[in-house]
Amino acid sequence: MILSLVFFTFSFVFYLITGLLYLGHWLFGKKWLGQIATSMAYVTLLSTTMVLITRASESGHAPFSNLYESMVLFVWATNIGYLAMEYRHKLKVLGAIVMIIEFFAMLSASLLPYRYKSVEPLNPALQNKWHWMMNVLSPFGLQKYAIGWLDFHVFTTFIGYSAFAISFGVSIIYLVKNRYETNGRHNSLVDAFPDARVLDELGYRAIAWGFPFLAVGIVSGAVWANYAWGTYWSWDPKETWSLITWLVYAAYLHARVTRGWRGKRAAYLSIAGFLAVIFLYWGVSFVLPGLHAYA
Amino acid sequence: MRKKDNKVSKGAEGKAWYQAIGSKLWYLFNSLKLTLFVLITLAIVSIFGTVIEQNLPAEDYVARYGEKWARVIFYLHLNDLFHSFTFQALLAALALNIIVCTFERFPPKWKALLNHRSEKFDPNIVDRFSNSETVSLKVPAETAKGRVLKAFARKKFKTMTFSSGSDQLVYAWKGIIGRFGSDVTHISLLLILLGAIVGSVAGYKDYRAVYEGGTIKIPKADFKLRLDKFWIDYYDSGQIKQYNSLLTVMENGKEVLHKQIWVNEPLYFKGIRFYQSSYGVAWDRVNDAGIAIKKKGESDPQAPVTVKWEQLVKMPNSKYSVKLVGYTADFAYDEATGTVYSKSPDANNPAVKLEVYEGGKLVSTPWIFLKYPGIFPAIPNSDTDLVLEGYHGEMYSGISINRDPGTNIVWLGAAVMGIGFILAFFVYHRRVWVRIRGNGKSTEVKIGGMINKNNFVFEREIKEILDSVKSD
């Protein structure tokens, strides 16, 4: 309990620092600030990884079983996703937005009421381990480290969420940048962003990762539900909202190949998609009753 | 949406009305705008199915939303949205949309991709792409061509060469299969829909509550299921860890299979799955009860005796034997019919029914109450009374029964979707043309091409290919 809390606090502060460094890099355009920001982002990633690891060792199961743990997972995956994008496309200005989103995600996780944070043993519905993995690990006495549908389902879903968070940030910047480009206006801060064309492509790339991962999350959830609840689909609010989200992003993907829908409207769909993700993630847990009420 | 299309209106003149309507419909379902419309409408309509709780009893909707809105909910079938005509029609439209689009787009694409090598190679095609680069080398054209081919081979491109006049031309491609990703994904969606339809037509869902030792007859199957044991595991902290049922499959009176099921571990037998879905304490029977003798004049009853369900037990220090024959959790008496029933499944007023024997002769059949000892004398005209001191409830296990022959089709669809996604999102079809034009001393290499998605990858790849052509 203590160690993971220590790492959480460190990560929390690190995200603020990283976000401010990226912000400084964006505002003042100093290259060295950007370099420090990137190395700080790696330190933060390491620290967030440690939160997950220590949490897992404290609770005795993968740290994906309540809202607090899943928030840390979300922040962790978004950090990795962002760093991968920064590395591949050599773009640092987006870091300011992503890291500040990360900071607020950490803030909201830390403000959660205790019952969403406490280390709890897994309830009956959450106990699922893969038999084959137990069989592989048991000769070495490691079967308690076997994972199951819970871990796979949550992990893939959250990679999807993270990718959508990144595409959301990119789409907002796209809309701003696009407006400046079409009006021919200039502003040194907006000019620091890549071209609208590039942003559109980046947003698409993020969704091209998020969409299949969300699908894998939905399907693995269905496989698991078929074991635990007796049916692969029961129109539970969480399931339905995951489908709604998936449909919005499916619309986005089709919009990008439809004349008149490319660019601005696609960006709006991407933003709508992320709002659906937020509701899927938080809204359903807090507002709507259903089978997923525990997370 | 554009209603008129040149192709349709031209063709429509010579056609019968049904053909005209047919081709209009075909055109409608071939449109991507319809896809967008259906996807967004499905998303919006589904929201109602999450905000309004589904499949509640009618009076709950009236209580929650008032009579007027409840009427609207029933009129629009919002209480069972996902099985309503509107929702299924939208799904059908999506399926039709997918089918028509696949028929319309797949064959020409297939043909074009199959024959892409025999296309006429235009030496000036390279000038047409926005993604193009030129480099000039101080080597003969043949050497340059060799380098280009080697660079492509290193990047795992397939290549073809042509020559046109003094120009050497290379055509290279990679990842053609990625172009079929969208088709594979679309077909997988149809498979999943098919699986859902098969499941809803040929499958069923059911539920049975069963006591330890009891058997359940399985609907539409030739075997029975016996519950041997039900128990709950707890963590040290007292939280519930797991619900378990030990089941035996009985076929023609013989035991065929034993299996312990728990939440997350169903029993699968002859196409039917059995799930641990709930449990509870019975309201019409108990496992055993503690019955005590209370003599007239004594203030406290004697030590209680444990009487098991439907077993005859001799009561110590008395001439009576008792048999435990009935239980109600929430005792109520219907005077009109003279019957005893339980007002609720909760143990608000637990009572047991006994048969009291004296020397083998039935002398009384009293109900005795846990909360009201001695309210009615258990044995008439006797100095002995019987009181209920406590009991152990009988647990039942709730087993969900589900037969869904469509499930495997759904999983097949999901697997196909996975393949489709890999092809659609991570395999890019690149086509690159290279023109090598030598003038004896130096050689100009111009490279250009296109990719079906992910331009970033492509720009970098073109640069890398050129770099290795230059440096080699």
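Remarks
- Kirkwood hydrodynamic radius (C-alpha pairs) into Stokes-Einstein, region B:17-111, 37 °C and 0.692 mPa s, D in µm²/s: 211
- Between residue B:217 and residue B:333, residue separation times 0.36 nm minus the direct Cα-Cα distance comes to 38.6 nm.
- Surface composition of chain A: carbon plus sulfur atoms hold 71% of the accessible area, using a 1.4 angstrom probe and ignoring ligands, DNA and RNA.
- Per the Debye formula on identical point scatterers at the alpha carbon atoms of region A:1-114, with no solvent, log10 I(q)/I(0) at q = 0.10, 0.20 Å⁻¹ is -0.28, -0.97.
- Computed helical MRE - 222 nm, the protein assembly as shown, DSSP H runs ≥ 4 contributing -39500 (n - 2.57), nearest 500: -16500 deg cm²/dmol
- Take each residue of peptide B:36-45, count the partner chain Cβ atoms within 10 Å of its Cβ, and average: the result is 6.
- According to the Kirkwood relation over distinct C-alpha pairs, the hydrodynamic radius of region A:202-295 is 14.0 Å.
- Those aspartates and glutamates that a straight Cα-Cα span of less than 18 Å connects to residue B:229, excepting residues fewer than 8 apart in one chain: B:212, B:255, B:265, B:288, B:394
- Helix axis angle, B:141-154 relative to chain B longest principal axis, alpha carbon, degrees: 0
- The peptide list B:340-348, A:213-221, put in order of mean Cβ contacts within 10 Å with the highest first, becomes A:213-221, B:340-348.
- Förster radius 41 Å - calculated FRET efficiency between residue B:109 and residue B:18 (Cβ-Cβ, nearest 0.05): 0.90
- Restriction of the GluC sites (Glu not before Pro) in region B:31-93 to DSSP coil positions whose beta-carbon has at most 15 other beta-carbons within 10 angstrom yields B:53.
- Counting Cβ atoms of other protein chains within 10 Å of each residue's Cβ and taking the mean over peptide A:236-244 gives 4.
- The count of lysine pairs in region A:27-173 with alpha-carbon distances below 30 Å, taking only pairs 8 or more places apart or on different chains, stands at 7.
- For the pair residue B:415 and residue B:259, a Förster radius of 30 Å applied to the C-beta separation gives a FRET efficiency near 0.65, rounded to the nearest 0.05.
- For the protein assembly as shown, the normalised intensity computed at q = 0.11 Å⁻¹ comes to -1.35 (log10 of I(q)/I(0), Debye sum over alpha carbons, equal scatterers, no solvent).
- Expressed in units of 2.2 N^0.38 Å, where N is the residue count, the Cα radius of gyration of chain B is 1.72.
- Partner aspartates and glutamates whose Cα lies under 16 Å from the Cα of residue B:33, excluding those fewer than 8 positions away in the same chain, are identified as B:5, B:104.
- The length gained on full extension between residue B:236 and residue B:71, counted as 0.36 nm times the residue separation minus their Cα-Cα distance, comes to 54.4 nm.
- Legend: mean number of C-beta atoms from other chains within 10 angstrom of residue C-beta atoms, peptide A:65-77, equals 0.
- Pairs beyond 20 Å (Cα-Cα), from B:111/B:174; A:238/B:241; B:138/B:470; B:224/B:270: A:238/B:241
- Helix B:407-426 vs. chain B, principal-axis angle (Cα, 0 to 90°, nearest 10): 30
- Global form of region B:180-271, assessed from the alpha-carbon gyration tensor, a/c cut-off 1.5: oblate
- Area projected by the alpha carbon convex hull of region A:128-295, averaged over all directions, nm²: 12.5
- Chain A gives an Rg/Rh value of 0.99, both radii derived from C-alpha positions and Rh following Kirkwood.
- Between residue B:340 and residue B:55, the contour length at 0.36 nm per residue exceeds the alpha carbon distance by 99.3 nm.
- Between helix A:31-59 and chain A: long-axis angle, C-alpha atoms, 0 to 90°, nearest 10: 10
- Sequence-distant aspartates and glutamates (8 or more away, or on other chains) whose Cα lies within less than 13 Å of residue B:319: B:358, B:383, B:385
- Here the Kirkwood formula puts the hydrodynamic radius of region B:283-394 at 14.1 Å, using every distinct Cα pair.
The values are calculated or read from the model by the stated rules, or taken from the named source; none is laboratory data. Just so it is clear, the model here is predicted, and its values are computed rather than measured. In this analysis, Cβ positions are derived from the backbone assuming ideal geometry, glycine residues included, and neighbour counts consider all displayed protein chains. The area values use the complete protein model at the heavy-atom level, side chains included, leaving out ligands, DNA and RNA. Shrake-Rupley method; radii C 1.70, N 1.55, O 1.52, S 1.80 Å.
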